[in-house]
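Chemist: First the structure, which I've put down as structure tokens, then a few questions once you've had a look.
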Protein chains: 2
Amino acid sequence: MVKDFLEIPKISIQSIPGLPEIQAGNLLGKLIGEAVHKLNFPVQVKDVFVLTHKIVAKAEGRVIQLDQVRPSSLARSWAQELGKDPSLIEIILSETRRVVRMDKGQLITETHQGLVCANAGVDVSNSAPGMATLLPKNADLSAQKVRDHLQEIFGCNLAVIISDSFGRPWREGLVNLAIGVAGLMPLMDYRGEKDNAGRVLQATAMGWADEIASAAELVMGKTMRLPVAVVRGLNYEEGMARCSSFFRSSDKDLFR
Amino acid sequence: MVKDFLEIPKISIQSIPGLPEIQAGNLLGKLIGEAVHKLNFPVQVKDVFVLTHKIVAKAEGRVIQLDQVRPSSLARSWAQELGKDPSLIEIILSETRRVVRMDKGQLITETHQGLVCANAGVDVSNSAPGMATLLPKNADLSAQKVRDHLQEIFGCNLAVIISDSFGRPWREGLVNLAIGVAGLMPLMDYRGEKDNAGRVLQATAMGWADEIASAAELVMGKTMRLPVAVVRGLNYEEGMARCSSFFRSSDKDLFR
């Protein structure tokens, strides 16, 4: 009974407060390390640090002043169609490889990295007034840099996930998903394992990086300045796979 | 400092082992209550119980023996096209209001309840051999019944979410989402609140029920017989909204 109890999967998730307002050029790993030290929070091996993409984008200078953008005539025309700021549309178009849908005031695009999302991930909320925040250029690499830094500070194996909020085609409400990952396999692959009836599972790979990002959002809040959370107790598979490796390829895409 | 620490959002999630194999007619609330008592797990006010839909479907007798189904000629023809069992296709069609996509061996449909998912949620994994499990007929109502039972047993306000695993259009890997909810508002609505720069947030309602379902999956596992988890510490909004109220309406759907 006691033995069973110890083996019951259990995780905890807590946010890390105390980060300053992030500026271009800041070393995120160092700032997060300092916030963790101030908290007196003992980091443990296999802890997963989840960061909202916004602080990563700010640290990497991926912030654009809207009034310094000269919208093209295409951007002006689409802005009118969509009821949005022409400068914002110009920035979105520069981040866009392919328009997936433009309808009902919505612009769903595929970014140059292959991520399908609203407005190519360009966002004005939680940015300084008159500013737009872009996605990190390579969020897997951003995650890797923060991970290296945190592992150096804390001396143990850790994982890092960079998250963003996504709408979904058939459901209201946004959820946080992973756009970059380091040290953790983004998919928990059950294929080949057997279900309770002894049948081999066919199509069951779970999107753990996404589920972890969603779980972390529950302690972040949109208005509380809590852009970092630590998820502890996960028995995840360590590895170097990139988040971008599980963006679906066009030949399997039913919703192009 | 200590005060700050106490206010830091923190949640814990643990699975509840010890449930028997569920049979039609079982009272799930009662069985979960017994499993919780055996664990010596002190239930607290506002705990969220997350249940995989499969045990709910089994308790409600939503299980069909494949060899008792007579597939129509349409089902036989689609089964050949999709490389699936004709009886399974027949069951899927009976659960389907509208076919969203049928391509590349995939069948994405809208159920009579308005849920868009693969195979109308009909599933053979973790079912007895030769059996298919259907979604609960009304998962919000199922959640409500389990909640009533658990609140009676434990004497405090609780919430219940029923989850299922969903594929996503542009990402590999499944994630657990909410298909039924009781006692918890499925959307955490930040609209009207101000962001860090003092700007009113426009379009930010977070899909908390979905994020909680995803978080709970992290301690459930597909092959471990752990269909129930408890999420503790969430400052969720109590309320009687139904999960089906946030399935997107057809006039807003860009991916019909």
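Chemist: Gap in Å between the Cα centre of the range B:225-256 and the Cα centre of the range B:16-62?
Modeler: 19
Chemist: In percent, what relative contact order does chain A have, based on Cα pairs under 8 Å that are 6 or more apart in sequence? Could the numbers behind the result be given before it?
Modeler: On the way: 472 pairs, mean separation 62.5, N = 256.
Relative contact order of chain A: 24 percent.
Chemist: Continuing with this model, one more query. Rank these for me by crowding, A:S94, B:S142, going from fewest to most other beta carbons within 10 Å. Working shown, then result.
Modeler: On the way: A:S94 15, B:S142 25.
Result, fewest neighbours first: A:S94, B:S142.
Chemist: Quick one: net charge of A:K30's neighbours, Cβ under 14 Å, K/R +1, D/E -1?
Modeler: Values: positive: A:K38, A:K145, A:R147; negative: A:E34, A:D148, A:E152.
Result for the local shell: 0.
Chemist: Find how many whole Å separate the alpha carbon centroid of the range A:143-214 from the alpha carbon centroid of the range B:97-113.
Modeler: Between the Cα centre of the range B:97-113 and that of the range A:143-214, the gap is 27 Å.
Chemist: A further question on this structure: Stretch B:R97-B:Q44 to full length: gain in nm at 0.36 nm per residue minus the Cα-Cα span?
Modeler: Gain on stretching B:R97 to B:Q44: 15.1 nm.
Chemist: Between A:G25 and the same site in the other copies, what are the distances in nm, shortest first, taking label points 7 Å from Cα along the C-beta direction?
Modeler: Label-point distances to the other copies, shortest first: 7.5 nm.
Chemist: Assume the label is 7 Å from Cα along Cα to beta carbon: what separations in nm does B:S72 have to the matching positions in the other copies?
Modeler: Output for B:S72: 4.9 nm, nearest copy listed first.
Chemist: Please report A:R62, B:R242 as a ranked list, fewest other C-beta atoms within 10 angstrom at the top and most at the bottom. Write down the numbers at each step before the final one.
Modeler: On the way: A:R62 21, B:R242 17.
Placing the least packed residue first, the sequence is B:R242, A:R62.
Chemist: Right, something else. For A:K30, list the aspartates and glutamates whose Cα falls under 20 Å from its own Cα; do not include residues on the same chain fewer than 8 positions away.
Modeler: Of all the aspartates and glutamates, those that pass the test against A:K30 - Cα under 20 Å, at least 8 places apart if same chain - are A:E21, A:D47, A:E60, A:D140, A:D148, A:E152.
Chemist: Pop a pseudo-label 7 angstrom from the Cα along the beta-carbon direction at both A:K194 and A:Q80 and give the gap in nm to one decimal.
Modeler: Each label point is offset 7 Å from its Cα along the Cβ direction, giving 6.7 nm.
Chemist: Ok, one more. What ranking of B:C156, A:C243, A:C117 emerges when the number of other C-beta atoms within 10 Å of each C-beta is taken as an exposure proxy, fewest first?
Modeler: Lowest count first: B:C156, A:C117, A:C243.
Chemist: What pairs from B:K10/B:K58; B:K54/B:K145; B:K46/B:K194; A:K54/A:K145; A:K194/B:K46; A:K137/B:K10 go past 23 Å between their alpha carbons?
Modeler: Values: B:K10/B:K58 34 Å; B:K54/B:K145 16 Å; B:K46/B:K194 26 Å; A:K54/A:K145 16 Å; A:K194/B:K46 35 Å; A:K137/B:K10 31 Å.
Violating the 23 Å limit, Cα to Cα: B:K10/B:K58; B:K46/B:K194; A:K194/B:K46; A:K137/B:K10.
Chemist: For A:K38, give me every one of the aspartates and glutamates with a C-alpha distance below 13 angstrom, ignoring sequence neighbours fewer than eight places off in its own chain.
Modeler: Output for A:K38: B:D4.
Chemist: Compute the convex hull volume of the Cα atoms of the range A:41-136, divide it by the residue count, and report the result per residue in Å³ as a whole number. Let's see the in-between values first.
Modeler: Values: hull volume 12.0 nm³, N = 96.
Cα-based convex hull of the range A:41-136, divided per residue, equals 125 Å³.
Chemist: With the label 7 angstrom out along Cα to Cβ, how close does B:V99 come to the same site in each of the other copies, in nm, nearest first?
Modeler: Reported distances to equivalent positions: 3.0 nm.
Each value in this text was obtained by applying a stated rule to the coordinates, not by laboratory testing. Everything numeric here is computed off the predicted structure, so don't read it as measured data. With ideal geometry, Cβ positions are generated from the backbone for all residues, glycine too; neighbour counts draw on all protein chains shown.
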